[in-house]
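Engineer: Starting off with a structure, shown below.
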Amino acid sequence: MHILAIYGSPRKDGFSSRLHNEFIIPFERRGFLVSRVFAYDLNIFPCQACNYCKENKSCFLKDDMTDIYRLIEEADIISISSPLYFSSVPSPLKAIIDRTQCLWEKYRSEGKYNNSHRYGFFICTGGSIYQDMFCGVQQMMRHFFNGINLSFDVSDFVFVNNTDSMEKIPEEKILQINYSAAKYIRLITED
Ligand SMILES: Cc1cc2nc3c(=O)[nH]c(=O)nc-3n(C[C@H](O)[C@H](O)[C@H](O)COP(=O)(O)O)c2cc1C
């Protein structure tokens, strides 16, 4: 059993990373193989829209994404954490997402559409409070998880606003994450 945890924040001890750690710990305790990946530590070129993957079902660019493709394909669950940057995600995480276009091409050619027993989970923190602030990232994650053929439940996604005015993560968000971790451990070990 394998969980791939992709951290989108440059702050390894920031809000989203700490929440992500809360999610990961129960998997570690259950003996899952845990691969932690920090988007800001990787060298990943942006997608060039060269269309190579349309023909070849793989990416022409050779960089740190090569390992990420393997991890994505091996993982039973992929968890993503990110801060909200201009109502989107920071560019290193977005580069990873865009570069999975070749997996979408591959799965599409194989006729695989969201029928997997592999799961996606998402945590996002935003500094302010404004209307529909997480709508864009929620839509992006749905699109991303569909593209790489993961099942997911949007109601499990964890969004925390107003972090720029807080020191401690609200206890109810940690409880929500603990609950979700237990749910996904159960789903994966029962599958
Ligand atoms: C470049 C940049 C852009 C940001 N854009 C937004 C934004 O659009 N909306 C928002 O609510 N907060 C925004 N913030 C604040 C962060 O989302 C917030 O501080 C977040 O909780 C940081 O998460 P972290 O501690 O995991 O890094 C931005 C911060 C930075 C540095």
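The values are calculated or read from the model by the stated rules, or taken from the named source; none is laboratory data. Note that the structure is a prediction, hence the values are computed from the model and not measured. Heads up, the Cβs are rebuilt from the backbone with ideal geometry, glycines too, and the neighbour counts pull from every protein chain shown. Just so you know, the surface numbers come from the protein's heavy atoms only, side chains and all, with ligands and any DNA or RNA stripped out. Shrake-Rupley method; radii C 1.70, N 1.55, O 1.52, S 1.80 Å.
Engineer: Which residue pairs have Cβ atoms closer than 9 Å, lie 6 or more positions apart in sequence or on different chains, and pair a first residue in the stretch 37-56 that is free of Cβ contacts under 8 Å to residues at least 60 places away in the same chain and of a type in the set (Gly, Ala, Ser) with a second residue that is surrounded by 12 or more Cβ atoms within 10 Å (Cβ to Cβ) and outside any helix (DSSP H, G or I)?
Structural biologist: Close Cβ pairs (under 9 Å, with a partner that is surrounded by 12 or more Cβ atoms within 10 Å (Cβ to Cβ) and outside any helix (DSSP H, G or I)) amount to Ala39/Ile6; Ala39/Tyr7; Ala39/Gly8; Ala39/Ser9; Ala39/Pro10; Ala39/Ser82; Ala39/Val89; Ala39/Pro90.
Engineer: Right, Ile25: of a type outside the set (Lys, Arg) and within 12 Å of the chain's Cα centre (by Cα) or not? Explain how you work it out, then say what you get.
Structural biologist: Details: of a type outside the set (Lys, Arg): yes; within 12 Å of the chain's Cα centre (by Cα): no.
No.
Engineer: If Arg11 satisfies all but one of (1) within 12 Å of the ligand (Cβ to nearest atom); (2) open to solvent by 60 Å² or more (accessible area, probe 1.4 Å); (3) without any contact (Cβ under 8 Å) to a residue 40 or more places away in the chain, what's the number of the condition it fails?
Structural biologist: Checking Arg11 against (1) within 12 Å of the ligand (Cβ to nearest atom); (2) open to solvent by 60 Å² or more (accessible area, probe 1.4 Å); (3) without any contact (Cβ under 8 Å) to a residue 40 or more places away in the chain, the one that fails is (3).
Engineer: So Lys106 clears everything in (1) away from the ligand (no atom under 16 Å from the Cβ); (2) at positive phi except one condition, right? Which one?
Structural biologist: Exception for Lys106: condition (2).
Let's see how each residue does on (1) free of Cβ contacts under 8 Å to residues at least 12 places away in the same chain; (2) away from the ligand (no atom under 16 Å from the Cβ); (3) crowded, with 17+ Cβ neighbours inside 10 Å; (4) hydrophobic (A, V, I, L, M, F, W, C):
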| site | (1), (2), (3), (4) |
| --- | --- |
| Phe144 | no, yes, yes, yes |
| Ser155 | yes, yes, no, no |
| Glu172 | yes, yes, no, no |
| Leu187 | no, yes, no, yes |
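Engineer: With the requirement that a residue be within 20 Å of Ser88 (Cβ to Cβ) and in a loop (DSSP other than H, G, I, E, B), what does the stretch 151-184 give you? Let's see the steps before the verdict.
Structural biologist: Filtering the stretch 151-184 down to residues within 20 Å of Ser88 (Cβ to Cβ) leaves 152, 154, 157-164.
Those that are within 20 Å of Ser88 (Cβ to Cβ) and in a loop (DSSP other than H, G, I, E, B): Phe152, Phe157, Asn161, Asn162.
Engineer: Can you pull out every residue in the stretch 18-64 that is under 16 Å from Pro92 (Cα atoms) and within 16 Å of the ligand (Cβ to nearest atom)?
Structural biologist: Arg36, Val37, Phe38, Ala39, Tyr40, Asp41
Engineer: Just to be sure I understand, how many residues within the stretch 124-136 are open to solvent by less than 20 Å² (accessible area, probe 1.4 Å) and either outside any loop (DSSP other than H, G, I, E, B) or without any contact (Cβ under 8 Å) to a residue 24 or more places away in the chain (or both)?
Structural biologist: Result for the stretch 124-136: 2.
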